[in-house]
Amino acid sequence: MANASLAKISKSAHSLYNALWDKARVAVPSSDSAASDLSKQGFALGAGLQHVSNRWEQQLKSLMDACAQITNHLQVTKKIHAGDENFIVRQMSSIDALDAGFDERVGQPGEKNRVYGEKKEEKKKEE
């Protein structure tokens, strides 16, 4: 997956986390207060409302934790893969340098390489 795609997913998860923090938690304090008042007045509905409020808060925390884990995981993944990319680039550049060494020619293709000297004539064995 491309870094741009990972960044978009991470940003969306972070935005959702912030929206849940700002907007979804608003109902909890007022629901708890209403549940408490109803219970004090002897209404059984107060306990039911408190149960719903507690359940909402649990589910909200689970969803927010998941968003945070997604964001954190993708940020770590992005950093790890950036290191991999740099390593691969360094390795490829060293291979390019090695290949360039093979392309350096001392003479024309097909000619003997003068660096190694001339072939010594073999002494003929005298009979």
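A few notes on this one:
- Residue count for segment 15-43, restricted to those that are over 32 Å from the mean Cα position of the chain (by Cα) and in a helix (DSSP H, G or I): 15.
- Qualifying residue in segment 44-54 (condition: more than 41 Å from the chain's Cα centre (by Cα), at pLDDT below 70 and surrounded by 10 or more Cβ atoms within 10 Å (Cβ to Cβ)): no
- Condition check for A4: assigned to a helix (DSSP H, G or I), surrounded by 11 or more Cβ atoms within 10 Å (Cβ to Cβ) and either in contact (Cβ under 8 Å) with a residue 60 or more places away in the chain or of a type outside the set (D, E, K, R) (or both): no
- Of note, S12 does not satisfy the criterion of being over 20 Å from the mean Cα position of the chain (by Cα) and either at pLDDT 95 or above or of a type outside the set (D, E) (or both).
The values are calculated or read from the model by the stated rules, or taken from the named source; none is laboratory data. Owing to the predicted nature of the structure, the values given are computational and were not obtained by experimental measurement. Reconstructed Cβ throughout: ideal geometry from the backbone, glycine too, with neighbour counts over all protein chains shown.
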